[in-house]
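The values are calculated or read from the model by the stated rules, or taken from the named source; none is laboratory data. Just so you know, these numbers come straight off a predicted model, no measurement behind them. Reconstructed Cβ throughout: ideal geometry from the backbone, glycine too, with neighbour counts over all protein chains shown.
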């Protein structure tokens, strides 16, 4: 398994040839030893987990490691998963959050921001446009990485991954009101940095999503 888009062209949440099943059904089947059920869960959620880990760590290699660890933890901890305490996606994001933090602490070194944007210079009329886009993406990502963990993770979950306040609260184990206040503060800090750098040409959430996803 890796955080790359190996399964990007697969039908979301499906193993080829089978009807779509709910998360609960997949978990039950995986507990019973059905390999295809786990593969379906992986196809359904690995891209989002990888994107979250990549934004949290600033490293594609660390994000791949985190994604692998998350799904290994899912395999080992299926019997301990309780859907009454939260949906499967929030359960996985919570694991990804903890693993990302652990890996960053363990690294104890600066993790360089890597450029992930795929561009074809031949499709741009302005030959400088690809360079400008890469520089903009790198700077916005650097600004997000500069936020404290409590602000960075809520911004990534809500504005980049599209989780609701309730889902983010479950992942972070905090109140919805705390999610709102942290997100507001995170957006303020990011907007201030982007304004200072003359990059704020769209609402923060929209701008960040376009740059980073």
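Some observations on this one:
- Residue 88, sole failed condition from (1) modelled with pLDDT of 90 or more; (2) over 26 Å from residue 175 (Cα atoms): (2)
- Filter result (outside any helix (DSSP H, G or I) and closer than 17 Å to residue 44 by Cβ) within the stretch 73-102: 81, 86, 87
- Any hit, the stretch 33-46, residues being outside any helix (DSSP H, G or I), farther than 29 Å from residue 149 by Cβ and modelled with pLDDT under 95: yes
- Tabulated pairs, the stretch 64-84, first on the phi > 0 side of the Ramachandran plot, second in a helix (DSSP H, G or I), C-beta under 6 angstrom, 6+ apart or interchain: none
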